[in-house]
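Structure, as structure tokens:
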Amino acid sequence: MLSQETKDIIKSTVPVLEIHGTAITTRFYELLFASHPELLNIFNQTNQKQGRQQTALANAVYAAAAHIDHLEDILPTVKQIGHKHRGLGIQPEHYPIVGETLLKAIRDVLGEAATDEIIDAWAQAYGVISDAFISVEHEMYEHATQQPGGWSGFRPFVVSKKVQESEVITSFYLTPQDGGDIATYEPGQYLTLVVDIPGQSYTHRRQYSLSDAPGKPYYRISVKREDARGNLPAGVVSNHLHETIQEGDILQVSAPSGDFVLDMNTKSPIVFLSGGVGMTPLMSMANTLMERRPAHSVTYVHAALNGRVHAFKSDLTEMAKRHPAFRHYVVYERPSNEDRSHAHFAKDGFIDLDWLQTISTQDAEFYFCGPTPFMKAIYKALKQWGVEDTHIHYEFFGPQGSLAD
Ligand code: FAD
Ligand code: HEM
């Protein structure tokens, strides 16, 4: 238990630490990788370069500290992060390393302002926060291991089939090398892969959403090839998967995780809005719904640059043909003449509120995923429409960010 005095110190210093947020987190990662270079195998180095993770980890510690009296208030956030950690294989023994490094970084940046009293209060608070994470993650590890077909750590899977879904998206069908069962999952969850690329000094871990309904003898992921653009290099893992990994090759996979999942019990209409490869978790949700509740009212809107990069085109067209309650619309930013003749082509440009209001009702459950600008635009439109946050569900294909402007 933290004393009231400690809690007061924590609460009064959170705003100060937030002001120095980026400086502290940048220093934190410098110190972390210098003292524990083995962690380069776990952290996504591209997220580091883009600065996306810096704003996530330590800020989450501050947010937790601000709720130190009632950590249960931020349990959904702890669980969301816990899913990520569980998929990546973060262990209890990693927590003291992060804690000590964060305190060193605070000292380095704040200098004399970081008195012993403040550092001691933060050490205690970090202990409480990390216990909450460790306990949530312990339950997740138990669940992943004990459910039928479950496992801990990374398990070898054979790429049993590789299918090109569009010019840039390819599906990989994965079956366990040991021939055993595979754990089920909730539509919307993802797998974490660890990839060891010859010639590179550390391994790479990436998440890929399961893109088919559960209950099959395989897992399917669908990966967009991230090409080089301007000065930016090509994506490391997606290109390795597209170019090097062939049918029969082995991939190391951790059990499904993630909290962006479909509420199968809702009676409300469901609207799926996907941008580009953001369609993968929504395809799993749509396939599951149509298998289990084919009469449920579903509207699926997919936005893509054009028809050449549009994956699962015929799957969604078929779904709309078979199920009268499944309505499908396609929005192409820059359609060709051929794209305009697609049976479900609705408009060119982008999804906007005026148009959304013509194809959906406000009382729906909205699920969306796609590039960050797409997600921001959808979120803004839904808020302008007055949709409550409890009916808005989304996932970032990277560290959790903010959708507010
Ligand atoms: P990286 O090497 O990680 O590069 C990513 C991008 O950053 C590239 O465009 C690259 O050009 C750019 N970049 C590289 N260096 C820099 C730099 N210094 N500065 C700025 N930019 C730089 N992806 C899918 O394709 N399908 C999915 O179903 C899917 N599901 C996901 C689910 C979740 C929950 C999450 C978190 C992510 C998901 N992703 C999915 C994204 C996936 O995990 C990878 O991030 C993606 O494949 C890119 O990885 P990469 O190694 O190919 O690219
Ligand atoms: C991801 C918070 C401890 C390793 C994250 C994210 C947050 C976070 C907010 C981003 C989640 C997302 O993707 O949406 C925390 C907090 C911790 C903590 C508050 C302590 C209380 C740890 C520890 C490790 C770790 C001990 C292991 C050394 C990672 C990794 C990622 C991650 C590898 C994925 C980031 C990436 O690869 O880009 N964490 N974390 N975290 N965390 Fe933690």
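Values quoted throughout were computed directly from the atomic coordinates according to the rules given, and no laboratory measurement underlies them. Quick caveat, the model's predicted, so the values are computed rather than measured. Glycine gets a Cβ as well: all are built from the backbone with ideal geometry, and neighbour counts include every protein chain shown.
Note on the chain: with a GNM built from Cα contacts shorter than 10 Å, the maximum mean-square fluctuation among MET283, MET375, MET264 falls on MET264. The value for the range 1-73 of Rg(Cα) / (2.2 N^0.38 Å) is 1.27. For the chain, the longest principal axis of the C-alpha atoms and the axis of helix 116-146 are separated by about 40°. Once fully extended, how much extra length lies between THR26 and SER402, figured as 0.36 nm per residue of separation less the alpha-carbon to alpha-carbon distance? Extra length from THR26 to SER402 when fully extended: 133.4 nm.
Could you pull out which residues in the range 93-136 have an amide N less than 17 Å from a spot 7 Å beyond the Cα of GLU5, following the Cα-Cβ vector? Flagged as within label range: 115-125. Rounded if a/c is under 1.5, else prolate if a/b is larger than b/c, else oblate: which is the range 247-405, with a ≥ b ≥ c the root eigenvalues of its Cα gyration tensor? Taking the square roots of the gyration eigenvalues as a ≥ b ≥ c, the range 247-405 is rounded. Between GLU139 and SER160, the C-beta separation translates, for a Förster distance of 35 Å, into a calculated FRET efficiency of about 0.65. Whole Å is fine, so just give me how far the alpha carbon centre of the range 163-242 lies from that of the range 350-365. Each part reduced to its Cα centre gives a spacing of 32 Å.
When each of the peptides 251-261, 359-369, 71-81 is scored by how many other beta carbons lie within 10 Å of its residues on average, the order from highest to lowest is 251-261, 359-369, 71-81.
Here's the list of lysines a cross-link from LYS161 could span, going by alpha-carbon distance under 29 Å and ignoring same-chain residues fewer than 8 apart: LYS84, LYS216, LYS224, LYS313, LYS321. About its Cα centre, the range 270-395 has a charge dipole of approximately 220 debye under the convention of +1 per Lys or Arg Cβ and -1 per Asp or Glu Cβ, with nothing else charged.
Each 10 Å bin, from zero up to the one with the longest distance, holds this percent of the alpha carbon pairs of the range 46-186: 10, 30, 29, 19, 10, 3. Residues within the reach of a label modelled at GLU318 (point 7 angstrom out along Cα to beta-carbon, backbone nitrogen below 19 Å), restricted to the range 274-307, are 279-295, 300-302. Each label point was placed 7 Å from the Cα along the Cα-to-Cβ direction; for THR266 and GLU243 their separation is 4.0 nm. By the gyration tensor of its Cα atoms, with a ≥ b ≥ c the square roots of the eigenvalues, what is the shape of the chain: rounded for a/c under 1.5, prolate for a/b over b/c, or oblate? Verdict is prolate for the chain. Placing +1 on each Lys and Arg Cβ and -1 on each Asp and Glu Cβ, with no other charges, gives the chain a dipole about its Cα centre of roughly 1420 debye. Counting only alpha carbon atoms, the long axis of helix 279-292 and the longest principal axis of the chain meet at about 60°. Note on the range 217-326: the alpha carbon radius of gyration divided by the globular reference 2.2 N^0.38 Å gives 1.25.
Once a ≥ b ≥ c are taken as the square roots of the eigenvalues of the Cα gyration tensor of the range 30-115, is the result rounded (a/c under 1.5), prolate (a/b larger than b/c) or oblate (a/b not larger than b/c)? Here the range 30-115 falls in the oblate category.
Entry note, the chain: the mean residue ellipticity at 222 nm calculated from DSSP H runs of n ≥ 4, each adding -39500 (n - 2.57), is -13000 deg cm²/dmol after division by the residues and rounding to the nearest 500. A protection proxy built from the mean count of other Cβ atoms within 10 Å ranks the segments 275-281, 153-159, most packed first, as 275-281, 153-159.
Using C-alpha pairs under 8 Å with a sequence gap of at least 6, the mean separation divided by the residue count of the chain gives a relative contact order of 14 percent.
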